[in-house]
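A.B. asks: Before I ask anything, let me first share the structure, which is written out below as structure tokens.
The values are calculated or read from the model by the stated rules, or taken from the named source; none is laboratory data. This structure is a prediction, so every number in the text was calculated from the model and none was measured. Cβ placement follows ideal geometry from the backbone for every residue including glycine, while neighbour counts extend to all protein chains displayed. Surface accessibility is based on the protein's heavy atoms, side chains included, excluding ligands, DNA and RNA. Shrake-Rupley method; radii C 1.70, N 1.55, O 1.52, S 1.80 Å.
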Amino acid sequence: MYRFVLTRQWVCLTLVALVLIPVMVKLGFWQFHRHEHRVAQNELIAANLDAAPVPVTELTSPGHTVPRSDRWRSVTATGTFDAEHEVVVRMRTNGNDSVGFHVLTPLVLTDGRVVLVNRGWVEGGDDPRAYPPVPAPPAGEVTVTGRLKPDETSGGSGIKDRKGLPDRQVMLINSEQQARALGKPVLGGYLELTAPEPAGGRPEPIGAPDHDSIGAHMAYAVQWWLFAAGVPVGWVVLVRRERRDREAEAARTGAGDREAVSA
């Protein structure tokens with residue numbers, strides 16, 4: 001009755017089904033792990049944003065790589081802004097997806113070391129190679145609060161560090177690059193300024209990271225698992241339909257033979 005499943009066509013179909021099932025299950029677990037990672041990342045960001053600020057020197061030092069566990073930590077730093085060596089970071093967007101610059105200002109700490117402070121976003125002018133109008137940072141000794149971020153790299157940011165850029169423009173926020181330019185020890189990573197707020201709202205402060213959205217990874221995982229469960233069900237349906245069609249064809253053939261004999 002089911003000998004047709006041993007034909008070449010059905011053997012190939014069965015092998016394809018057997019391959020699809022584990023592949024779909026694996027894809028489902030891949031999406032599930034992405035969901036777990038997103039949830040853990042959101043919890044980490046929320047915890048670090050809510051944590052009490054600590055001095056930046058407790059979490060980083062020159063040449064230090066900011067670990068994932070310290071990203072977005074609220075930190076403080078006291079020093080004097082070095083506006084003379086301020087640079088802008090090209091191709092950055094604000095909340096409205098307008099392309100402009102981030103303003104990166106060195107803050108010279110009381111011990112002579114430097115921490116990079118991203119003061120926020122400014123719009124670009126008509127000439128993208130010209131230095132944009134940037135409000136001056138506060139004068140004198142200041143205490144700033146910000147979110148600790150790791151150095152940007154070409155591989156991690158998707159932006160290649162280009163040579164031949166206009167004066168005082170960079171593509172990446174990188175403490176080692178700025179340390180070479182300043183000739184001073186620069187703490188690893190940088191701060192996204194949150195306080196004090198800039199006068200007149202310029203530079204435009206950088207918003208806190210999204211840590212509420214979990215995406216659709218869990219839904220995708222369930223879909224893949226449902227697809228995997230549907231493969232054997234579909235196989236059984238096709239087998240039964242094939243058997244029914246063969247039986248109907250055999251019945252028609254038998255009836256035709258009997259009619260021919262009778263005639």
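A.B. asks: Among the residues in segment 153-168, are any assigned to a loop (DSSP other than H, G, I, E, B), at pLDDT 85 or above and aliphatic (A, V, I, L, M)?
C.D. replies: The answer is yes; a qualifying residue exists.
A.B. asks: Tell me which residues, restricted to segment 84-113, are in contact with a Gly (Cβ under 8 Å, 6 or more places away or on another chain) and of a type in the set (A, V, I, L, M).
C.D. replies: Val99, Val103, Leu107, Val108, Leu109
A.B. asks: Consider Gly200 against the criteria (1) modelled with pLDDT under 90; (2) part of a loop (DSSP other than H, G, I, E, B); (3) under 24 Å from Pro132 (Cβ atoms): it satisfies all of them except one. Which criterion is unmet?
C.D. replies: (2)
A.B. asks: Follow-up. Taking only pairs six or more apart or across chains, which ones have beta-carbon atoms under 7 Å, a first residue in segment 137-148 that is closer than 11 Å to Val54 by Cα, and a second residue that is open to solvent by 30 Å² or more (accessible area, probe 1.4 Å) and assigned to a strand (DSSP E or B)?
C.D. replies: Partner pairs satisfying both residue conditions: Thr145/Thr76; Thr145/Thr194; Thr145/Ala195; Gly146/Thr194; Arg147/Thr194.
A.B. asks: Here's a follow-up. Which of the residues spanning segment 65-89 are open to solvent by 60 Å² or more (accessible area, probe 1.4 Å) and not acidic (Asp, Glu)?
C.D. replies: Thr65, Arg68, Ser69, Arg71, Thr80, His85, listed by residue number.
A.B. asks: Pairs under 8 Å by beta carbon, first residue in a helix (DSSP H, G or I) in segment 1-12, partner among the hydroxyl-bearing types (Ser, Thr, Tyr), six or more apart or different chains?
C.D. replies: Val5/Thr14
A.B. asks: Among Leu27, Leu49, which is the only one that is farther than 30 Å from Asp127 by Cβ, open to solvent by 40 Å² or more (accessible area, probe 1.4 Å) and either of a type in the set (Val, Ile, Thr) or out of contact with any strand residue (DSSP E or B) (no Cβ under 8 Å at 6 or more places or on another chain) (or both)?
C.D. replies: Leu27
A.B. asks: Something else about it: Out of all the residues in segment 98-125, which are open to solvent by 10 Å² or more (accessible area, probe 1.4 Å), in contact with a Lys or Arg (Cβ under 8 Å, 6 or more places away or on another chain), under 25 Å from Pro62 (Cβ atoms) and assigned to a strand (DSSP E or B)?
C.D. replies: Within segment 98-125, His102, Val108 qualify.
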